[in-house]
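> Let me give you the structure first, and then I'll get to my questions.
The values are calculated or read from the model by the stated rules, or taken from the named source; none is laboratory data. Every value quoted in this text rests on a predicted model; they were computed, and no experiment measured them. With ideal geometry, Cβ positions are generated from the backbone for all residues, glycine too; neighbour counts draw on all protein chains shown. For accessibility, only protein heavy atoms count, side chains too; no ligands or nucleic acids. Shrake-Rupley method; radii C 1.70, N 1.55, O 1.52, S 1.80 Å.
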Amino acid sequence: MPETSEQHSHKYVLAIDLGSGGPKVGLVEDTGRVVASAFERNEVLFLPNGGVEQDPREWWRTVVSAVRKVIQAARVPAESIVAVGCTSQWSVTVAVDADGEPLMNAVSWMDKRGAPYNRRITQGFPSVEGYALGK
C-alpha cells in the first residue's frame, strides 16, 4: 500500500498476541481498521507422561519475524506507532538465569505432569470439583 499524507495523520497500535500456536501480530489504526497482520507458527512439543513444552527463544524469533512483516506491509512511519499491546499464554513457566535467558523449554499451561501433586495439595473437605474450599 503506498504511503499517503492521510496515513501520516493517523496513530497506530501494534498488537501482539502470543498464543500456543504462535504469535498473531496486527497494526491497528486509530479508526479501528486493521492495516496489516501476520502469523508465525510455533512448535508445541508433546512429551511422554503428559508433558507439553515450547522453546521461549522460538517465541522471540517468531514475534520479531511477524512484527517485521506487519511493519513492512503497513508502510507507516515509526513515529505514528504510539503503543504496543501484548498478550500471551497464561500459566506458563519459563525458568531463566540471572540475565533473563531461558534455562530450558517453557512448561506449557497444557502440561499435565504436575497434576497428581496439584490434587494432593488442593484436596480436602469440603471440596468443589476436587478442590478444598479453604485452599
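> Roughly how many Å is it from the Cα centre of segment 41-116 to that of segment 120-135, as a whole number?
Comparing the Cα centres of segment 41-116 and segment 120-135, I get a distance of 32 Å.
> Now for a different question. Order Met104, Met110, most accessible first, counting only protein heavy atoms with a 1.4 angstrom probe.
Ranked list, largest accessible area first: Met104, Met110.
> Extending each Cα 7 Å along its Cβ direction at Val44 and Tyr117, get the distance between those two points in nm, one decimal.
For Val44 paired with Tyr117, the spin-label model returns 2.3 nm.
> Suppose we keep just the DSSP beta bridges with both residues in the chain; what percent of those would be antiparallel, to 5?
Bridges in the chain that DSSP calls antiparallel: roughly 75 percent.
> Roughly how many Å² is the accessible area per residue of the chain, as a whole number, for a 1.4 Å probe?
For the chain, the solvent-accessible area averages 65 Å² per residue.
> Same structure, new question: Could you tell me the calculated FRET efficiency between Trp90 and Ser9, based on Cβ-Cβ distance and R0 = 25 angstrom, to the nearest 0.05?
Numbers: r = 37 Å, r/R0 = 1.49.
E between Trp90 and Ser9, to the nearest 0.05, is 0.10.
> Something else about it: Tell me, in nm to one decimal, what length is gained between Ile81 and Ala132 on full extension, where the rule is 0.36 nm per residue of separation less the Cα-Cα distance?
Numbers: separation 51, 0.36 × 51 = 18.36 nm, distance 4.77 nm.
Net length gain for the segment: 13.6 nm.
> What percentage of the solvent-accessible surface of segment 11-80, computed with a 1.4 Å probe over protein heavy atoms, is contributed by carbon and sulfur atoms?
Roughly 57 percent, rounded to a whole number.
> Which value in nm describes the separation of the simple spin-label points at Ala98 and Gln72, placed 7 Å from the Cα toward the beta carbon?
Those two pseudo-labels are separated by 3.9 nm.
> Of the listed values (i) 1.01; (ii) 1.15; (iii) 0.93, grab the one calculated as Rg/Rh (Cα atoms, Kirkwood Rh) from the structure here.
Given (i) 1.01; (ii) 1.15; (iii) 0.93, the calculated one carries the label (ii).
> Quick query: amide H of Ala36 versus all other amide H atoms, modeled in the peptide plane; which residues come in under 5 Å with a sequence gap of 5 or more or a different chain?
Amide H neighbours of Ala36, under 5 Å, 5+ apart: Leu27.
> Who wins for biggest fluctuation among Val63, Val94, Val82 in a Gaussian network model of the chain, springs between alpha carbons below 10 Å?
The residue with the greatest mean-square fluctuation here is Val82.
> Run the reach check for Lys11 against aspartates and glutamates, Cα to Cα strictly under 18 Å, same-chain hits fewer than 8 apart removed. What comes back?
Glu3, Glu29, Asp30, Glu79
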